[in-house]
1. For E481, only one of the following conditions fails: (1) open to solvent by less than 50 Å² (accessible area, probe 1.4 Å); (2) modelled with pLDDT of 90 or more; (3) among the charged types (D, E, K, R); (4) outside any helix (DSSP H, G or I). What is its number?
2. Condition check: in contact with a strand residue (DSSP E or B) (Cβ under 7 Å, 6 or more places away or on another chain), surrounded by fewer than 23 Cβ atoms within 10 Å (Cβ to Cβ) and modelled with pLDDT of 90 or more. Does G505 satisfy that?
3. From (1) at pLDDT 75 or above; (2) over 25 Å from M410 (Cβ atoms), pick out the condition that doesn't hold for A333.
4. Looking at the stretch 484-498, which of its residues are open to solvent by 20 Å² or more (accessible area, probe 1.4 Å), farther than 12 Å from G367 by Cα, part of a strand (DSSP E or B) and of a type in the set (G, A, S)?
5. So, in the stretch 442-473, exactly how many residues are under 24 Å from the mean Cα position of the chain (by Cα) and farther than 17 Å from Q543 by Cα?
6. Find the residue count for the stretch 345-386, including only residues that are small (G, A, S), out of contact with any strand residue (DSSP E or B) (no Cβ under 6 Å at 6 or more places or on another chain) and within 18 Å of A412 (Cα to Cα).
7. Quick test for you: out of R109, R65, pick the one residue that is of a type in the set (K, R), at pLDDT below 90, open to solvent by 10 Å² or more (accessible area, probe 1.4 Å) and over 20 Å from I10 (Cβ atoms).
8. With the requirement that a residue be at pLDDT 90 or above, surrounded by 20 or more Cβ atoms within 10 Å (Cβ to Cβ) and not in a strand (DSSP E or B), what does the stretch 525-540 give you?
Amino acid sequence: MDSQHWRATIKAAQSGDRQALDELVAGWLPLVYNIVGRALNGHADVDDVVQETMLRAVDNLGSLRDPDSFRSWLVAIAMRQIRDRARRRTPERLEEAAASDFAELTVLRLQLEGQRREVAEAVRWLDDEDRQLLSLWWLEVAGELTRRELAAAVGITRQHAAVRVQRMKERLETSRGIVRALDGACPDLRELTGRWNGRPDSVWRKRLARHIRGCGYCGGTRETVVPAERLLVGIALVPLPVGFTLSLAFGGKTAVAAGSAGWSAKLLGALTKPAVAMTAGATIVAGGAYVVTQPPHAPPPRAAVTPTATATSEPPPSASPTPTPTPTPSPTATKKADLYGTVVDAVDRAPDPDARPAALPRRPESGVTSTGGPKAVMQHRGDSVTLSGRGYVLVRWQISPHARPGGVVMPAWTGLKGKLFHVASGGSRRMDDPLPGAPNGYATGMGGPDIGYAVLPPGTQQMWQNEYFYLDGTVTLTQNERGCDYGITVFPSDWATVDKDVNEGPAQGAIRYGLVRDTGTDSAPVPQYVTRATPADPATVPQRSRV
């Protein structure tokens with residue numbers, strides 16, 4: 001869509017055209033959401049700051065004299081709201097967790113890989129001021145903003161902006177080095193981070209940067225490091241999350257707006273009527289609520305396109321009016337009576353190789369069906385399989401530190417309906433057992449000094465080659481590979497197979513017998529990384545399961 005069209009749309013909205021305002025909001029909200037989301041890295045205040053920005057833009061649109069400056073004007077409002085939010089923060093709120101990590105959301109929604117993923121994750125390590133500047137610079141190199149607009153939004157000259165951006169880029173490159181090192185397998189770095197809580201901050205950024213500068217393993221790189229600006233060119237905006245709500249009219253604010261800008265009474269008054277329009281997947285509904293919707297069974301949302309002066313393509317035609325989506329029930333609605341199983345949140349000790357396992361309780365089984373068939377091989381991030389029925393399931397592990405060592409991002413069980421237990425471990429070895437006759441440096445299934453190690457998140461159970469689960473219901477298992485290379489294969493199984501596996505031990509030349517975890521009751525352990533929810537990114541499922 002060309003700049004002439006947007007100039008006409010802005011003028012029509014200033015004159016009180018409700019449909020023009022709908023189009024304006026739908027077109028520019030993604031840009032504001034990306035600026036605020038990246039500047040605050042998905043903090044719980046993101047929605048509030050986006051709301052305040054759009055309200056101020058709507059409230060003051062009548063005062064904008066030059067429609068051609070709308071974009072820089074809107075971005076400047078967003079930056080002021082971000083800075084105001086920083087000044088309003090109290091000490092108690094400084095430790096609040098992010099509502100959703102925007103760096104991880106960027107990786108997921110835009111399907112970033114390799115060094116592009118590395119840049120997105122490095123944003124976590126920047127200070128607030130640098131992250132605010134990066135939120136604009138990212139959009140500049142992606143072609144969504146100009147340098148003039150960036151400087152105007154920050155309130156500095158273009159020359160000063162060039163200096164600020166260069167310094168920010170240097171700190172970003174340092175942060176990229178930290179992300180790269182944490183994905184590696186340096187034993188000294190593991191020792192250094194033993195007391196780290198996993199939350200990026202300036203203190204740990206300095207400590208880790210100092211280690212990297214003096215470490216031959218972490219300081220070296222196995223591939224050419226591409227400058228961040230070359231990686232970000234042309235990357236689209238992160239789409240608005242489904243269910244995102246923006247209220248454009250509330251309470252007495254409408255009346256105040258009417259007095260300050262002649263068009264507001266007519267325009268915002270119209271917004272209090274029932275659902276009026278659907279534009280690019282966003283609906284204006286009663287009360288002036290702007291809700292991002294997605295029809296059932298719709299494909300994953302594609303990256304949104306923000307109108308720019310150079311854009312030439314027309315937007316998709318408006319769809320039919322859509323009712324307000326039904327709110328998703330709160331997780332807190334789960335009753336305590338629904339909880340079952342033992343929560344396993346500490347690393348267990350390996351049994352003695354000659355220790356016979358306990359008897360395996362026999363649970364009812366009618367069989368489990370799998371969307372992946374009798375053998376679902378999952379080698380890549382995002383691969384998933386849905387299991388349904390009553391019976392046993394085998395998950396077989398293959399860790400590949402020789403291909404790519406580093407931190408292991410564990411698979412996740414999501415959308416659980418019914419019950420799921422972790423009943424046994426087999427395959428005649430834990431993955432950290434020594435491998436007899438292995439080549440020099442390949443000490444265990446988790447790696448060795450010559451090739452690096454697969455490193456589990458703190459508190460995660462060490463997996464065996466074969467892990468057995470009992471399902472009574474439905475659940476989806478997703479492979480979440482991020483750092484270390486690994487694969488899992490999922491087989492529907494049965495009690496006899498599990499019992500035979502765990503009882504085949506050293507007499508058959510294997511390393512050890514298996515381990516029975518099942519108590520035969522609802523007090524049996526549940527797997528780690530399992531939830532009844534269906535998050536957009538299964539890798540965000542917490543380790544400590546509460547089902």
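The values are calculated or read from the model by the stated rules, or taken from the named source; none is laboratory data. Since this is a predicted model, take the numbers as computed values, not measurements. A quick note on method: Cβ atoms are made from the backbone with ideal geometry, for glycine too, and the neighbour counts reach across all protein chains shown. With ligands, DNA and RNA removed, areas are computed over all heavy atoms of the protein, side chains included. Shrake-Rupley method; radii C 1.70, N 1.55, O 1.52, S 1.80 Å.
1. With respect to (1) open to solvent by less than 50 Å² (accessible area, probe 1.4 Å); (2) modelled with pLDDT of 90 or more; (3) among the charged types (D, E, K, R); (4) outside any helix (DSSP H, G or I), E481 is out only on (2).
2. no
3. (1)
4. Correct list: empty.
5. Total meeting the criteria: 1.
6. 2
7. R109
8. V526, P527, Q528, Y529, T531, P538
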